[in-house]
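**Student:** Here it is: the structure, laid out below.
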Amino acid sequence: MLILSGADDAVSGRIAPYELAALMIAAQRARDAAQGIIRLAGFSFDTGLRQLCWRGEIVPLMPREFDLLLVLARHAGLPVSREVLLRSVWRTAFDPGTNSPEVHIFKLRQRLASLGGAVRIETVKRQGYRLVCAPHPRG
């Protein structure tokens, strides 16, 4: 395949437009992952710079807020337990009995709501928290 050989602009004349679009999206995802960028519902997480952008604008977050939102984004749509959050964000193997995760979740919910609600954090009873993306409008 020419693309694998380095000819990035080589495309077979027999490829369907939707296949070409899928290849382009996959290539962009691979490039983003190599650069430490995660894209989700209009957000762009730059893990190297530790910045969150919403529609091209930097969203100011405290370091723990960024880490917490990043863990949730990496598991978007799935519940993440308090224990996993404590281990990943607070770097502790035990629950110290603090309400710090809940406080940070509350702050993130407020910030996300102010950005148009494309993403929200849900509480999943006895399972943890889940980052949910609003469905894209069809048009």
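The values are calculated or read from the model by the stated rules, or taken from the named source; none is laboratory data. Because the structure is a prediction, the values reported are computed rather than measured. Please note: Cβ atoms are built from the backbone with ideal geometry, for glycine as well, and neighbour counts cover all protein chains shown. Just the protein is used for accessible areas: all its heavy atoms, side chains included, with ligands, DNA and RNA removed. Shrake-Rupley method; radii C 1.70, N 1.55, O 1.52, S 1.80 Å.
**Student:** Scan region 55-88 for residues that are in a loop (DSSP other than H, G, I, E, B), over 17 Å from ARG111 (Cα atoms), open to solvent by 60 Å² or more (accessible area, probe 1.4 Å) and not hydrophobic (A, V, I, L, M, F, W, C) and report the count. Write out each step before concluding.
**Tutor:** Taking region 55-88 as the starting set, the residues that turn out to be in a loop (DSSP other than H, G, I, E, B) are 55-56, 60-62, 75-79, 81.
With over 17 Å from ARG111 (Cα atoms) added as a condition, the list becomes 75-79, 81.
Pick out the ones that are also open to solvent by 60 Å² or more (accessible area, probe 1.4 Å) and you get 75, 78.
Subsequent filtering for residues that are not hydrophobic (A, V, I, L, M, F, W, C) retains 75.
Number satisfying all stated conditions: 1.
**Student:** Return yes when PHE106 is modelled with pLDDT of 85 or more, of a type in the set (Phe, Trp, Tyr) and open to solvent by 80 Å² or more (accessible area, probe 1.4 Å) and no when it is not.
**Tutor:** Judged against the criteria, PHE106 is a match.
**Student:** Would you check which residues across region 1-47 are open to solvent by less than 80 Å² (accessible area, probe 1.4 Å), at pLDDT 70 or above and under 20 Å from ALA76 (Cα atoms) and list them?
**Tutor:** The answer is ILE37, ILE38, LEU40, ALA41, GLY42, PHE43, SER44, PHE45, ASP46, THR47.
**Student:** Which is closer than 23 Å to CYS53 by Cβ and either assigned to a strand (DSSP E or B) or open to solvent by 50 Å² or more (accessible area, probe 1.4 Å) (or both), of ARG111, ARG91, ARG126?
**Tutor:** None of the others qualify; the one that does is ARG111.
**Student:** Hey, LEU52 hits all of (1) of a type in the set (A, V, I, L, M); (2) at pLDDT 90 or above; (3) outside any loop (DSSP other than H, G, I, E, B) but one; which does it fall short on?
**Tutor:** Answer for LEU52: the failing condition is (2).
Each row is one residue, and each column tells you yes or no for (1) over 19 Å from ILE37 (Cβ atoms); (2) modelled with pLDDT of 90 or more.
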| site | (1), (2) |
| --- | --- |
| PRO63 | no, yes |
| ARG74 | no, no |
| VAL119 | no, no |
| GLY128 | yes, yes |
| GLY139 | yes, no |
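**Student:** Next question. Regarding GLY97, is this residue within 21 Å of ILE38 (Cα to Cα) and modelled with pLDDT under 90?
**Tutor:** No, not satisfied.
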